[in-house]
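Structure first, commentary second.
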Amino acid sequence: MDCKILKNRQCEITQYHSNNHQAIDVVGKNYTLDYVIAHSDGKIIEIQDGLGNMKGSIGNISYGNYIKIDHQNGYQTLYAHLVNGINFKKNQYVEEGQTIGNMGDSGNAYGKHLHFEVWKDNKRINPLEYINKPFIDNEESSNIILHLFLRYLRFDMLNYYLCFHLYYYFD
């Protein structure tokens with residue numbers, strides 16, 4: 001499936017979102033490892049690094065090495081189970097598509113993969129619908145559609161006005 005969070009842009013989902021797992025777990029196409037890239041532009045608000053595999057751990061330790069990015073539009077993304085050696089600092093900005101780490105098995109992981117979460121207004125939501133789409137709210141998309149409609153309407157009215165006046169001018 002197409003995937004904007006891995007460098008090769010293709011992924012396989014190994015675990016889907018549920019009440020007990022509010023994220024998706026992914027690996028590269030054909031169950032390979034891949035570089036993890038930022039979903040969208042944003043500012044790093046949390047980093048945890050230096051952890052190894054800790055099966056059975058709970059809380060933030062269970063994420064292992066992770067990065068959380070605030071996209072400054074109500075959305076945040078979290079990338080967990082990365083390998084040691086995250087080369088970023090808190091408050092640093094990243095760009096969409098920028099490599100932010102490598103899939104690993106740090107924290108409570110049973111095999112190397114990426115644990116991917118999406119947060120909206122400080123609540124975890126199903127990240128599946130955003131795995132290959134930008135963050136656009138329904139309200140935002142409604143505003144875009146309304147804007148395009150009004151633009152078309154103005155263009156249509158201008159055409160009508162011009163045709164009406166040209167018709168009477170040349171008649």
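The values are calculated or read from the model by the stated rules, or taken from the named source; none is laboratory data. Remember, it's a predicted structure, so these values are computed and weren't measured experimentally. A quick note on method: Cβ atoms are made from the backbone with ideal geometry, for glycine too, and the neighbour counts reach across all protein chains shown. Keep in mind that these areas ignore ligands, DNA and RNA; they rest on the heavy atoms of the full protein, side chains included. Shrake-Rupley method; radii C 1.70, N 1.55, O 1.52, S 1.80 Å.
Extension gain, K123 to L33: 0.36 nm times the residue separation minus the Cα-Cα distance gives 29.5 nm. Once the Cα-Cα distance is subtracted from the 0.36 nm per residue extended length, the N84 to D41 segment shows a gain of 13.2 nm. Working ranking of peptides 27-36, 12-21, 58-67 by packing, defined as the average number of other Cβ atoms within 10 Å per residue, highest first, is 58-67, 27-36, 12-21. Residues whose amide H comes within less than 5 Å of that of I37, counting only those at least five positions distant or on another chain, are L6, K7, I100 (H built at 1.01 Å from N in the peptide plane). Note on segment 17-137: with neighbouring protein chains present and a 1.4 Å probe, carbon and sulfur make up 45 percent of its accessible heavy-atom surface.
With protein chains left intact and a 1.4 Å probe, residues in segment 19-69 average 47 Å² of accessible area per residue. Basic side chains Lys and Arg get +1 at the Cβ, acidic Asp and Glu get -1 at the Cβ, and with that the dipole of segment 29-90 about its Cα centre reaches some 80 debye.
For I45, the residues 5 or more places off, or on other chains, whose built amide H falls under 5 Å of its own are K68, I69, D70, N91. Compared with the direct C-alpha span, the chain from N132 to S57 gains 24.0 nm at full extension, assuming 0.36 nm per residue.
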